[in-house]
Structure formats: structure tokens, C-alpha cells
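Single-structure report; data block below.
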Amino acid sequence: MPPPTPNHAILNGLNDAQRRAVTSDAATVAILAGPGSGKTHTLTARVVWLIDHMGIRPEDVIVATFTVKAAREMKERIGKALGNGRENKLILGTFHSVARRYLAAYGRHIGLSQKFGIADAGDSRAIIKRICERLQLAVDPAGALAWISKKKAKGSEAASKSARQQASKVAGLQELETCYREYQKHLETSNLLDYDDLLVSCVDLLRRFPSCVSNIQTVLIDEYQDTNGIQYDLMKLFAQHRLRITTVGDPDQSIYGWRSAEIRNLWKLLREFPETDEISLEENYRSSQSILDLSLQVIKQDQKRYKKILKPTHNKGSRPVLRQLKSASAEADWIVSEIKRVLIMSGTMLTHNDVAILLRSAALSRHIETSLGKAGIPYRMVGGKKFYERPEIRTLVDYLRVIHQPETNDALARILNVPGRGIGDGTIKGLLNEAETSSLSVWAVLSKHCRGDRTAKTKIPKPTEQRLSGGLLRPLNDIRRQIGEASGPNGTPFGLVEMINQLLAKLDFQKHLQKAYPDPEDHAQRWANVQEFLGLAAEFVRDMDRSEEDFLPEIEGLAQTREVEALPRFLANVSLAADAQTKGDGEETQPVVTISTIHAAKGLEWPIVFVPAVYDGSIPHTRADDGDEERRLLYVAMTRAQSLLYLSCPLFSANGNGERNKLSPFVDPVKDSFMKKGPCLDRPVMSEIARILRRKLPPEESIYKGIPAMFSLEDNLFPVDPEEAKQEPKHGFGRGDSRLGEDASRAKRPRLHGPTAGPDNGEEVAWKQYTTTMEQASTFTVAAAALPGFMNVGAHQAAITAANVAAQATQKVEKNKPATNKRPPDQKSIMGFVRTKSGSARLPESPPQPKPNNPAPARSAFGIQPQAAPAQQAIAPDLAGHKLGAGKLMTRPSVPSEEGMVRKQYACFSSSPPRPAAAEDAQHEENSAADPEDDNEPPPEPTRPAACLHLTTSALPKGFGGGLRRPLGLGRENITPIQRLRKPFKPLTMSRP
């Protein structure tokens, strides 16, 4: 019979598994908590139980989390349960903040200066870049920094030894090792520790001086699945005297392998501590049963995972949706339409704050942001520029860092010309290189140069030297002097807020902002940020005076250094809290949709979650090395949803014109378990959502009063299968302004002639739920040939038109009958050019029929090409052979003659005059002598300049036979085609008297 469970207020409301985890007497407890199983509540209750029931002092408990936000939340919960401010005595914080507290107290035992600083990510990148340039290392600075970070995160001596052995074999790693040594040397010279060094140095401290943690009774670790090697070592060293460890985590949510997280740490813990009490929290209080079932189907594909299940506490709920869209833009438009539909159908129960769009990578947000902006839906991007990264705040922090620690070269380099002092980038770069090669700090180089003790190798003009001395060195030295005087026994207090105000006055910082940012609204907002920074400093000082949480308990026989100055503690808080926004920062005055990466959304939840772009290449990502971690990432995204979960996949990567996407291999095996379109949001579905969220659903009457006219109540604005929509139009019913994307567009009126709005242009009818008679024309039947006595309308109309034209032509001929068709005497007959050897003209056997000027018969409204009617003579037989009389030819415009002007005779040009009569007669006599058969022919008529057209052989109809005589001047004698092209162009000239 199990022992009775003790009564304690903290145990109220816990289920059996949670209660067992809280009250376990085992030295090592591993709590495997799935998503939404109440792990934070369980860990908080465990801390309170150990202090109140087990009698452990709060100062003997270490609680390590992974984010500043989680640490703050846990501290508030523990404070409410413990009372009397006992939560301030806990050693609670992130791994880095706890390590920093131990290094500040005992770091001098391992040779660490009391005033060590923390190099942030920007400092590390700048240092690595300068080292690679100075030593001409053939390595990428970003890649070198990542390699150094992973090397430090390994944590074990065996891993470091293996890395050194590998580096001796591979030439590329030798350069990385060189970069690593130079980087560490620079940090040591500048008295800096980077984020990884905080953990490495703390491990070194606790190994060499284990008495630093001799008071620690128990250690509790949150998000244990995300620990790396050095953090695992640190956890064991914290608990090395009592070996009481409690871990809370979920191996299925280990998604930080790219930051050296080791999912194998759970098995390592179970192997090294075989008496560990394993407790699984399987009851999920967040999501509906349908969401949990599908999430488990996805994660169970990993056969190597730790076997555990999730038990829903809610009803089945609406099934998750897997929607396929034509393109990424159509996908974004569908997300917007579904957000509108859900919010309208919920009345006032749901707002934009309840919606999250989770992305595998931030680059996927472009189409979504565009569609949200067009629809007027407010949104926020998680992971935007943080408060301490804003330029004006970063500048003030750098000034404070230089005041506290002048040897910080990179911080000093960033403020040398802020405000402007006439120092260029080349001078700053030269000072940095000179300082590194001379084993001096930039502050020392400048101070000695301005005092005359040492001349800098870098050229510094005299005016610049004066501005540096009077505007930078002297003001900062004055502030440092006041800090030193305030720390004396009889010194005047000099607080942190007063220090910042004095710094702003000496720099005339507000004027600098006005000059650097001329826009009044811009510099006003930046000055408001400066005032917020002052408020943060004042709040920090108040909290520091009220509590002593940064002070570790005294250890007998081990001296501890106490930080009494506010500035170093404030700077450490700024560096380690860089991932937390300031109070109120990022909070919106109106509800907004959240767009976030999946990594940033871990630990959060929303009633409605969209996960777009679930195709192979996005998740799993093309650059991902661990496919199992990518599957866990999708599992994390799916389990953020409480009531409605939407997954979507565009068929094509770039607006329907790019490469075809393939559904994610994690989703493809279970795609039949998803709904193909959004659920019907009727009253039962919305009531179930309200039960899951524990909210009140407005009355049905008030909901339907708020629905706009012609609004689509179903997810029918986009085709379920975009490929089928190309052959069969989809009909829906919705308001005109809700037709989003190319899938819902249509023509205002069907076209009867020309190209119709069909599958080729991707349009579909989205304005009615029925088909008209003409739209069913494809099902009609017609006779294969025209029936006797009948003709179609088109043929009948053509016959009537032809008859009318013929009648009008007949009347015109009768009217003009007296007119003669004789050629003018000065015009040569065309038969003079087209002749056979016998002299008789040969006509083509079948002259081409003139094409009517009528347009081609259009397709009928039935979509069938009209068939030609039987051969019927539309023109009377007596009119068929009628020839139209020749009308009066257009006369050539008269040109004023110039007497005495000699003209060149070119018959092929309209401007040439006819040949003289003497030359014409001589030519005729030669032709007669050569061909006696031509004697009987009438003499050739003189040529006449063309009135409007030039005669060419290419315009003659086919079939006129050979014997063509080319116009004069266009012969081919002695000129081949290629020679004609090569001849230079010679413009025509006219000789004038």
C-alpha cells in the first residue's frame, strides 16, 4: 500500500503524475513533460515543496532556466507560494546569469579580474573579423565564431582532446585553432568573457574550488532537453556535494541542436544516475484531442524517440486542416480570409491576439505580411529589433562600458565618433590595429598620445586630437573620478541615474539625436527611448536596494568578493537580459496577429495557429543536418495550437510559375487524417472552442448581426484542389471584397467571342451557386450536318449581305455604263511586261478567289464552331461574269517644271520622265529586226510614270509563266546578290544648271 500523500496547499489542483513528481523523495528525478502538461507549474511546486516540506533553505537551491522570461515567471510564481520575499534568496536565473554570479564572487581565485566585462555577440564578431584580416586566415569569420562556440559548448575534456587531435590532421582546422587562440588572447587582454566563457570559466572554478557550492542542497533544471555538454557538466558540479537533481524536459521538443544542444543528455543522466525516478506528465491541458492525435502521428515516425504518449483533457474538437493552394501568395490570401472568417464567427470571443502564424524561417513572411497589410489586419513580428540593440541605447551602453572598463576596445571604437568628432573609419581601424599589435588598449593609446607620453602611429590631426581630449577623454575621466570618490568612506553618493544624466549633459546627447535624425518624429521617439533607459536604470537601483539576490551565501573558509557598485551589476544585467524586451516594449495598444518563427514560439500557446509552407525544403529545411530535429520542430509548432490548427502547402514555390513543391515527408504519411478545408464554424464547433479556451461564446443573434452582407461563411473562396480547378470552375458565395488572390477572380460578364475566362487564365466563377444554360453548352448535341431546307443563322446572314452587295454593284455598273475602260494613251499595258515567247499572254489556270472582307465566324455561345451551309449560289448567275468598269486613275501630283534641267531617265522611279521619242523609235527598230514575228503587233505604247505604285515581279500572281521582263534599271548584269550588298550606298543626285 503506497504511503499517504501529505497535505500541502501547493499540491491542490495537481493530477496524480504531477503530485508524484512534486513529492518524490528520490535524489534524482527526471520529469518528462509533454507540451501543455503543466511542467512550469510542476517545477514551481517542486521548489516550494523542497523548501517548505523538506526544510531546505532558499539560498541552498539553484534553479536554472533557459530564458530571462522563464526565470521571471518562475520567480513570480514561487514568490506567491512562499511569501515573505523568500524567492529573492533563491539562486535562480539562466545558466549564464548563475555562472556570472559565481564568477563575480569567487572569480579572483582562478585569476579573473573583479571588473571583468562580458563581450556580446557584436564584440565577438568584430574581434574575429579583425583577427582573420590581420593574420590573413582563409576562414569565414562567421563560421570561425560558430566553430569556437561549439568547441566551448562540448564541455568535456575528452571532446577537447579529440578536437585537438583532429586539428593536427586537418590543415583547415589548424587555421581555426589559430583563430581560436588569438581570440582568447584578445579577450584576456581586454578582461572580457564571452557568453560561452561564462560557463567554461565557472566549470573551471567549481572543479578547482568545489567548496564554492558546498552549501547547495538541490539543483533544478528547466528545459533539460536543450542543455549542451558544458551545461550538463555545470549541473553536476552545482550538485556535486548532495547529488540532488531534478530535471524537467521533453525529448520530443529538443530543437536547438544547431546551438549544440544534446538530446542524448537524458540518456546520459539515466546512465550515470541509475536510481533516477522517471515520471511522465502525459495529461495535456492545452490542445484538443484531434490536435494531439495528429501531432503524435507525426512525432511517432521517429523510431528512436523516448516512448511516451499524450492524454487529452479536452474533447475531440475540430480536426486540423491541411490546405493546398496554388502559390505562396494564394496561401497568404487564404490565411487572411480564414482569420477573418474565424474571428467574425466567434463574435467577440476571439481577437487578433489569439492568432499566430508560425514559420520555419523568417524569410517566408513576405507574402503573409503583404496580405495582412492589404487586409488592414495589424500584426507584429516576434524577434524584431530589441530595446538594447537600438542605436541610441547601444551608444549609451557602450559609454557606460568604457566608463566601467576603459580597456573594452570595441565599445570604445563604436563611440569615438558619436557624437561626430571628425574621426573616419580608417582612423578607427588604424587605432584598433595599433592597439592590438602594441599590446595596449585603444584608451591607453589615445590617452598617452593626448598627454604627449607616446605618439600614436596612426595619424591624428591636431583638431581631432583636441576634440578627442576635450569631448571624450576628459568627460569620461571626470565621471570615473566621481565614482572613485563616492566609493570612499567620506565620499559623496554618485548614483547610477545621476551618472547617466551627467553623461547625457556632457555629450549634449539630445542635440546629437536632432542632428543625426532630422525627422522630428524620429528623434523624438529616440529621445523617448533614452528616457525609458533612464527609467530602467532607476528601477534596477530600487530593486537592487530592496533585495540581495545577487549575493551568494557566505562559505566558511572561502573569501567572497561583494559587488557594491551598481554600474557593473547593471551592465551585466543588460548583457544577460538581451533576449528580454523591456517592460511594455512590444506591447500593442490593439490586438495584433503574431508572426513568429517556430523556435521563438517554443513554450507559448495560441487558440488559433497557422503553419504555412509545410513542403520539403521548408520543413525539413534544405540546410538541415538532422531530419529528426526538423520533425520535432513541426511537432512543436503543431502543439502550440489550443483549438484550431491549420497547415498549408503551396503547390508552386513562386506564384504558380516556379518549381513544384512536394509535401513535407513528415505530413505526407498522415495527410488523409487532415481536413482538406477549414471547418464549418457552426454553433457546436464554436461552443467546443469556447469550452477549450474557458471563454464565453456570445449569443448567436449578436454574432449574426455582426456578419457583413454577402460574407462567405464557409472556406470556399479557394479551390480545395487547385489542379482540378483548372478543368472545372468552382462556385462559391461570398462578398465581393473578400475575393482574394487569383483563384477567386472572375470576369464581370462571360465573353461570347474571343478567348473566354477559362482554365487557361486561372479564373473561376465565385458569385453564384448554380450554372446557367449557356454554361452547360458542353452537354448539348447538334446535327453533324445541316438538315435539308435549313441553314444556320450565320450562313443566312452572309448570303443576304452578299446579295445586297451584288445588287449595289449592278446599279453602279448600269449607272456608269457609258464610261470606257480604255487605258490612257500614256500608260503602258501590263501585258507588255508579262508575255510569252509567242507573244500571247498566259493566264493562270485557276486564278485565286478574292477573300471576303468578313471576319471569320466566331464560336457560337454553345462553344461549337458553326458548320458551313450546303453550297448555295448567293449571287445571280447573270451577275457572276460581270466585270467592273475601270474608274478614273489617280493622277500624279503636278510638279513645276524647270527649263533647261537635264533629267536622268530611270523608268523604275516615279519621278523620271518618259524617254525621248528618238531613242524610243531606235529601240523599236532593233526589236523588230531581232524578232520578225512581232511586226504584226501594234507598236508598244510609251511608258508612263507610276501614279502611286511601283511595278515589281514579287507582286505578280503565280502561274503567269516565264519570260518576265524586269523593269529598266533593275537588271542583274555583272552584279551578284552578295556584290549588291557590298556596294556602298550612293544617294541619288540631280544635276541642275
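The values are calculated or read from the model by the stated rules, or taken from the named source; none is laboratory data. What you see is a predicted model, and the numbers here were worked out from it, not measured in a lab. When we count neighbours, we look across all protein chains shown, and the Cβ atoms used for this are built from the backbone with ideal geometry, even at glycine. Side chains are part of the model used for accessible areas, which takes the heavy atoms of the whole protein and leaves out ligands, DNA and RNA. Shrake-Rupley method; radii C 1.70, N 1.55, O 1.52, S 1.80 Å.
Starting from 0.36 nm per residue, how many nanometres of slack lie between residue 433 and residue 511 once their C-alpha separation is accounted for?
Fully extending the segment from residue 433 to residue 511 adds 24.9 nm.
Which of 152/386; 154/185; 129/462; 457/511 have a Cα-Cα distance over 23 Å?
In this structure, 152/386; 129/462; 457/511 lie more than 23 Å apart at Cα.
Determine the share of region 5-89's accessible area contributed by carbon and sulfur atoms, expressed in whole percent, with a 1.4 angstrom probe.
46
If you count, for each residue, the other Cβ atoms within 10 Å and average over each peptide, how do 496-505, 602-611 line up from highest to lowest?
Descending packing order for the listed peptides: 602-611, 496-505.
Of the cross-linked pairs 115/150; 374/602; 326/677, which ones have a Cα-Cα span greater than 25 Å in the structure shown?
115/150; 374/602
Based only on the alpha carbon positions, what is the Kirkwood hydrodynamic radius of region 282-426, in angstrom?
So the Kirkwood estimate lands at 20.6 Å.
Using heavy-atom solvent-accessible surface (probe 1.4 Å) with all chains present, what is the largest-first order of 457, 677?
Final ranking, largest accessible area leading: 457, 677.
Quick one: length gained pulling residue 694 to residue 800 fully straight, 0.36 nm per residue minus the C-alpha distance?
30.3 nm
Sort all Cα-Cα distances of region 303-380 into consecutive 5 angstrom bins from zero, then give the percent of pairs in each bin up to the one containing the longest distance.
Whole-percent P(r) values from 0 Å outward: 3, 11, 18, 20, 17, 12, 10, 8, 2, 0.
May I ask you to derive the FRET efficiency for residue 277 and residue 534 from their Cβ-Cβ distance with R0 = 60 Å, giving the value to the nearest 0.05?
Efficiency, from the Cβ-Cβ distance: 0.75.
At 1.4 Å probe size, what's the solvent-accessible area of residue 540? Round to the nearest 10 Å².
In the full protein context, residue 540 sits at about 40 Å².
At a probe size of 1.4 Å, how large is the accessible area of residue 714, to the nearest 10 Å²?
70
Using the heavy atoms of the protein chains alone and a 1.4 angstrom probe, what is the accessible area of region 593-651 per residue in square angstrom?
Here the residues of region 593-651 average 24 Å² of exposed surface.
Take every Cα-Cα distance within region 379-456, group them into 10 Å bins from 0 onward, and report for each bin the whole-number percent of pairs it holds.
Pair shares across the bins are 17, 44, 25, 10, 4, 1.
Which value, in Å², gives the accessible area per residue of region 412-498 when a 1.4 Å probe is used on the protein heavy atoms?
51
Net charge within 12 Å of residue 189 by Cβ-Cβ distance, Lys/Arg positive one each and Asp/Glu negative one each, not counting residue 189 itself?
Combined, the nearby Lys, Arg, Asp and Glu give -3.
What is the mean projected area of the alpha carbon convex hull for region 195-297, to one decimal in square nanometres?
Quarter of the Cα hull surface area: 8.3 nm².
Only residues of region 407-438 count here: report those whose backbone N is under 20 Å from the spot 7 Å along Cα→Cβ of residue 454, or say none.
In region 407-438, the label zone of residue 454 (backbone N under 20 Å from the point 7 Å along Cα→Cβ) covers 407-414, 416, 427-438.
What part of the accessible area of region 596-689, given as a whole %, is carbon or sulfur when the probe is 1.4 angstrom?
Carbon and sulfur atoms account for 45 percent of the accessible area of region 596-689.
If only Cα atoms are counted, what is the Rg of region 397-503, and what is its Dmax, in Å?
Cα-based Rg and Dmax for region 397-503 come out at 14.5, 45 Å.
Based on alpha-carbon positions alone, could you give the equivalent ellipsoid semi-axes of region 10-72 from the gyration tensor, as √(5λ), descending, whole Å?
17, 17, 11
Using R₀ = 41 Å, calculate the FRET efficiency as 1/(1 + (r/R₀)^6) where r is the Cβ-Cβ separation of residue 675 and residue 306; round to 0.05.
About 0.85, to the nearest 0.05.
Can you send over the solvent-accessible area of residue 440, 1.4 Å probe, protein chains only, in Å² to the nearest 10?
In the full protein context, residue 440 sits at about 40 Å².
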